[in-house]
Amino acid sequence: MERRALIGGAAASLAAAATGADASPSPRFLPFQTPVVIAFPQLEAVWAPAPFRARFTKSNGEDSVVPGIAVRTPRRIEAFCTYCPHELCVIKLTDDHQLRCPCHFSLFDPLRDGAWIAGPAMRRTYRFDHRVKGPDLVITGIEADLERRLL
Amino acid sequence: MRLAPAIAACWLLALGAAGAARAATTKLYIAATGGTQVYVVDVATNSLVKTLEVGKSPHGIAATTDGRWLWIATEGDGKLHKIDAVRDVETASFDLGPYQQEIEITNDGRLLYTGRFMDGCYDVFDTAKESVVARIPVDGNPHNVVKAANDDRYMYLSPMSIDPDTVAKSAIKRGTLRDCAGKPKTAYLPNDKVYIADTRTNTVVGTIPVGGSPRPIAASDDGRRLYADIDGWLGFLVIDLQARKVIERVKFPLVTDDEKTTFSRAHGIWVTPDQKEVWTASVNHGVVYAYDRTVEPVRLVARIPVGAAPYWISFSPDDRMGYISLSEGDAIAVIDVASHKLVKTIPLPKGSGPKTTQVVVAPTP
Ligand code: FES
């Protein structure tokens, strides 16, 4: 059985609307060359992130790698792109369970689909296309809007 | 990021006095932009010796050439702090408005230049009158300012740009993007040039197109060359300051598959005190690059992996140590300049987010 992971969707749009972030309910995704598969046992501990990197092909034909983390929050399993939407520094999950950028300290809420809280990023984290498939979290693509920042 | 000029002389004085009383103390000041502190490291031991509480998000640091006074701009509360660098105590602070960024000071210690990020404006603060005596409007968002150590006739201003379609539009809507006089702007002009401001008139006397949003810049001591990090260019530019034009565009050599496929940007650039090398950094790749600048085109002499994202660069006055702030790693990487090897990491408190650094040779009390 394949179903949408308890991530994104309407909750994401609501969070986005509430924060003034990108309100697009269903962004276009660029597919990864190989989907990322993270087995649930890797995500057993709450707030223990599993970092991953995934490769996709940009429209100019070049390969690009996007970093992310999968993490079990008290609510559900999530996956966040860790490129900060501001200047693409790499966001970290803090001890007090926020996503924080080390460059200009933008903050994002992992309990609200990566919604923007503060700082110069001014939008939520880039979205992954991801599903729960059997005992795995499968991540298949990245929000297409990221690509214009990488060209 | 920088070394107070005349420091080389002070350093020699200090060495000459070795064995007798120490004539000066060489200190590295670190702006902890993620917090409210400036950390002080004793360069002799490369260890943390003091923490100064200054204000929210310290960003800019500049020192007088005699090493007596240190100025710190705090971005979060818009203040300029005057620090007695001998005793490391704050003696005064001045409210200059929010989003203060990098700062620079003339060699006589009189005029201090500070950028107000959201106001498209560099303020000129007279340290004797203790007030702003001139304002220099620019395109984009004021971020960096440097001088040539041996020739402070000009200040080089490098305002950066924010995304005009999202961030600038939203700031205009909220009335937070303003002009020099504090009037809300109705349109935003991104910046793609370095401004040259004459310190005698505090007016712009020239611009140098750089083809993108300029980021950290560094001038050679003799005022002949400027080196610039630019958004969208993973490398740096070499600028002839007499001809006022870009003479070289240097690209970092990407070695690993990771470097070839992972986005990064250049941030943090400075010239070694002996003027032989220019160092700059690739943030997301965690690499510092050293280039021989005694030849042109400049020649790559070392790529130095430092792990966490490098962000700003400064040097000890004897050319022995390079200091790289690792904002992501809450630490300072200490590099041996001769061997280009990482020799030590100075840990800082978690979340401190070290950024701009300044080495100062302060007289002993
Ligand atoms: S790159 Fe993340 S806040 Fe600037």
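The values are calculated or read from the model by the stated rules, or taken from the named source; none is laboratory data. All values derive from a computational prediction rather than experimental measurement. Heads up, the Cβs are rebuilt from the backbone with ideal geometry, glycines too, and the neighbour counts pull from every protein chain shown. Note: areas computed on protein heavy atoms with side chains; ligands, DNA, RNA excluded. Shrake-Rupley method; radii C 1.70, N 1.55, O 1.52, S 1.80 Å.
Return the residues of the range A:94-122 that are at the interface with another protein chain (Cβ under 9 Å from one of its Cβ atoms) and of a type in the set (Asp, Glu); say none if nothing qualifies.
Hit for the range A:94-122 is A:95, nothing else.
For the range A:76-126: of the residues being within 12 Å of the ligand (Cβ to nearest atom), open to solvent by less than 30 Å² (accessible area, probe 1.4 Å) and not in a loop (DSSP other than H, G, I, E, B), which is farthest from residue A:145 (Cα to Cα)?
Step by step, filter the range A:76-126, then rank; the result is A:99.
Going through the range B:292-316 one residue at a time, which ones are in contact with a strand residue (DSSP E or B) (Cβ under 6 Å, 6 or more places away or on another chain), open to solvent by 10 Å² or more (accessible area, probe 1.4 Å) and under 17 Å from residue B:227 (Cα atoms)?
B:292, B:293, B:297, B:298, B:299, B:300, B:301
What number of residues within the range B:152-171 satisfy the criterion of being surrounded by fewer than 16 Cβ atoms within 10 Å (Cβ to Cβ) and in contact (Cβ under 8 Å) with a residue 24 or more places away in the chain?
Qualifying residue count, the range B:152-171: 2.
Taking the stated definitions as given, is residue A:72 in contact with a strand residue (DSSP E or B) (Cβ under 7 Å, 6 or more places away or on another chain), open to solvent by 50 Å² or more (accessible area, probe 1.4 Å), away from every other protein chain (no Cβ under 13 Å) and more than 21 Å from residue A:116 (Cβ to Cβ)?
Numbers: in contact with a strand residue (DSSP E or B) (Cβ under 7 Å, 6 or more places away or on another chain): yes; open to solvent by 50 Å² or more (accessible area, probe 1.4 Å): yes; away from every other protein chain (no Cβ under 13 Å): yes; more than 21 Å from residue A:116 (Cβ to Cβ): yes.
So residue A:72 fits the description; yes.
Here's the yes/no breakdown for (1) at pLDDT 95 or above; (2) more than 27 Å from residue B:149 (Cα to Cα); (3) of a type in the set (Gly, Ala, Ser):
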{"residue": "B:230", "(1), (2), (3)": "yes, no, no"}
{"residue": "B:246", "(1), (2), (3)": "yes, no, no"}
{"residue": "B:251", "(1), (2), (3)": "yes, no, no"}
{"residue": "B:258", "(1), (2), (3)": "no, yes, no"}
{"residue": "B:266", "(1), (2), (3)": "yes, no, yes"}
{"residue": "B:270", "(1), (2), (3)": "yes, no, no"}
{"residue": "B:273", "(1), (2), (3)": "yes, no, no"}
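Does the range B:24-47 hold any residues that are within 14 Å of chain A (Cβ to nearest Cβ) and of a type in the set (Ser, Thr, Tyr), and which are they?
B:33, B:36
Answer yes if at least one residue in the range B:100-123 is touching a Lys or Arg at 6+ places or on another chain (Cβ under 9 Å), closer than 17 Å to residue B:59 by Cα and open to solvent by 40 Å² or more (accessible area, probe 1.4 Å), and no otherwise.
Checked against the condition, which is being touching a Lys or Arg at 6+ places or on another chain (Cβ under 9 Å), closer than 17 Å to residue B:59 by Cα and open to solvent by 40 Å² or more (accessible area, probe 1.4 Å), the range B:100-123 yields no hits at all.
Of all residues in the range B:260-284, which are over 15 Å from the mean Cα position of the chain (by Cα), open to solvent by less than 30 Å² (accessible area, probe 1.4 Å) and within 11 Å of chain A (Cβ to nearest Cβ)?
Residues satisfying the conditions are B:261, B:262, B:264, B:265, B:283.
Scan the range A:95-149 for residues that are more than 20 Å from residue A:38 (Cβ to Cβ), among the small types (Gly, Ala, Ser) and touching a Lys or Arg at 6+ places or on another chain (Cβ under 7 Å) and jot them down.
A:115, A:144 - these are the residues of the range A:95-149 that are more than 20 Å from residue A:38 (Cβ to Cβ), among the small types (Gly, Ala, Ser) and touching a Lys or Arg at 6+ places or on another chain (Cβ under 7 Å).
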